[in-house]
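Student: I have a structure here, written as structure tokens, and I will follow up with some questions on it.
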Amino acid sequence: MCSSDLAQWDGRPLDCKLAVIAAPDDAWQPTSDGPDWGPPFADAYFTGPRAFLDAGARVEAQVAWLRDNESDLLATTPSNLAAIVEHLGTNNTALPRLRYVRTSGRPAAQQLHRASADLWGARLHDGYVDPILGAIAYPCPERGRYHVHAERVVVDVVDDAGRPCPAGRLGRIVVTPLHWFSMPAVRLDTGDLGALVDGCDCGRGLPTLIGVDRPLSQK
């Protein structure tokens, strides 16, 4: 069993075994087995090993794989996690070793947060990750709001006329990547809705998003 003394601000014990269930062409996840988690984590820290499974595998095969691999941490998409949770409930089975769950894509539904807590006693860490832009924001471990990765993107929230929305007002999330040096782009429309608010009382000082969602007509 891995320890918890290396946990970072998102509560992730770095010396645990990471199981990744993702598409083979996912640009933002490691898509092979390895002795560590891969960059950027392994560039700065000692980590446990990683194992990879194609998300195209049937859900019962995914559950068996997670159990056989004795995985401590799971990284996948919200939709795939929902399928795993449904399978566990329908078949009255469990994955007792899991202690940390992370999803990437659009923020996960509240029922997935509750399921993660009920099944594994774990807080679901659901990253806001775009398939083209990469990581945009990750949740505050204390307040549940989303802190923008300001070192790599600028996030604005605009109305239908493209004007900046006041703090707290829902609008379209547009993102300017800071590291696209060969092909600069400004205010790419994510198709998502959200609101910027004035900080977070956790003290982290990063731009803060709330209410991130994709309109039903575009989901």
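Student: Given the conditions (1) in contact with a helix residue (DSSP H, G or I) (Cβ under 6 Å, 6 or more places away or on another chain); (2) at pLDDT below 90; (3) closer than 30 Å to L193 by Cα; (4) among the aliphatic types (A, V, I, L, M), report the number of the one that V101 does not fulfil.
Tutor: Just one mismatch for V101, condition (2).
Student: Can you go through T176, T103 and tell me which one is open to solvent by less than 60 Å² (accessible area, probe 1.4 Å), under 21 Å from L73 (Cβ atoms), among the polar types (S, T, N, Q) and out of contact with any Cys (no Cβ under 9 Å at 6 or more places or on another chain)?
Tutor: Values: T176 fails: under 21 Å from L73 (Cβ atoms).
Checking each option against the conditions leaves just T103.
Student: Now, a different point. Spot the failing condition for R204; the list is (1) open to solvent by 60 Å² or more (accessible area, probe 1.4 Å); (2) farther than 21 Å from G144 by Cα; (3) of a type outside the set (F, W, Y); (4) at pLDDT below 95, and only one is missed.
Tutor: It fails just one condition, (2).
Student: Where residues in the range 1-26 are farther than 25 Å from G144 by Cα, surrounded by 14 or more Cβ atoms within 10 Å (Cβ to Cβ) and hydrophobic (A, V, I, L, M, F, W, C), which of them is modelled with the lowest pLDDT?
Tutor: Only one residue tops the list, namely C2.
Student: For Q29, indicate whether it is open to solvent by less than 40 Å² (accessible area, probe 1.4 Å), closer than 20 Å to G105 by Cα, part of a helix (DSSP H, G or I) and out of contact with any Asp or Glu (no Cβ under 8 Å at 6 or more places or on another chain). Reasoning before the result, please.
Tutor: Values: open to solvent by less than 40 Å² (accessible area, probe 1.4 Å): yes; closer than 20 Å to G105 by Cα: yes; part of a helix (DSSP H, G or I): no; out of contact with any Asp or Glu (no Cβ under 8 Å at 6 or more places or on another chain): yes.
No, not satisfied.
Student: Shifting gears a bit: From the residues in the range 73-87 that are surrounded by fewer than 19 Cβ atoms within 10 Å (Cβ to Cβ) and of a type outside the set (G, A, S), which one is nearest to R123 (Cα to Cα)?
Tutor: Step by step, filter the range 73-87, then rank; the result is P78.
Student: Would you mind finding the one in G194, G199, G171, G162 that is modelled with pLDDT of 90 or more, of a type in the set (G, A, S) and open to solvent by 20 Å² or more (accessible area, probe 1.4 Å)?
Tutor: Working: G194 fails: open to solvent by 20 Å² or more (accessible area, probe 1.4 Å); G199 fails: modelled with pLDDT of 90 or more; G171 fails: open to solvent by 20 Å² or more (accessible area, probe 1.4 Å).
Criteria check complete, one pass: G162.
Student: Now a separate question. Tell me which helices (runs of 4 or more DSSP H) are completely within the range 36-123 and hold 1 or more residues being basic (K, R), or say none if there are none. Even if it seems obvious, please write down each step before you answer.
Tutor: Details: elements: 41-44, 59-68, 78-90, 110-120.
Per the criteria, 59-68, 110-120.
Student: Would you check if T90 is among the polar types (S, T, N, Q), in contact (Cβ under 8 Å) with a residue 12 or more places away in the chain and open to solvent by 30 Å² or more (accessible area, probe 1.4 Å)? Step through it out loud before you land on a result.
Tutor: Working: among the polar types (S, T, N, Q): yes; in contact (Cβ under 8 Å) with a residue 12 or more places away in the chain: no; open to solvent by 30 Å² or more (accessible area, probe 1.4 Å): yes.
In short, no.
Student: Further question on the same structure: Taking into account only those residues within the range 128-150 that are within 12 Å of the chain's Cα centre (by Cα) and aliphatic (A, V, I, L, M), which is surrounded by the most Cβ atoms within 10 Å (Cβ to Cβ)?
Tutor: A137
Residues are listed down the side, and each one gets a yes or a no for (1) among the hydroxyl-bearing types (S, T, Y); (2) within 16 Å of the chain's Cα centre (by Cα):
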| residue | (1), (2) |
| --- | --- |
| C16 | no, no |
| W28 | no, yes |
| P35 | no, no |
| D54 | no, no |
| Q62 | no, no |
| L74 | no, yes |
| T77 | yes, yes |
| L112 | no, yes |
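Student: Residue check, A64 against (1) of a type in the set (A, V, I, L, M); (2) surrounded by 14 or more Cβ atoms within 10 Å (Cβ to Cβ); (3) more than 30 Å from I173 (Cβ to Cβ), all met but one. Which one?
Tutor: All conditions pass for A64, except number (2).
Student: Applying the selection to the range 124-148, what residues are of a type outside the set (V, I, T) and in a loop (DSSP other than H, G, I, E, B)? Please lay out each step first, then the result.
Tutor: To start, the set of residues in the range 124-148 that are of a type outside the set (V, I, T) comprises 124-128, 130-131, 133-135, 137-147.
Passing the criteria: P131, L133, C140, P141, E142, R143, G144, R145.
The values are calculated or read from the model by the stated rules, or taken from the named source; none is laboratory data. This one's a predicted model, so the numbers in the text were calculated from it and none came from an experiment. Positions of Cβ are backbone-derived with ideal geometry, glycine not excepted, and every protein chain shown enters the neighbour counts. Remember, those area values only see protein heavy atoms, side chains included, never the ligands or the DNA or RNA. Shrake-Rupley method; radii C 1.70, N 1.55, O 1.52, S 1.80 Å.
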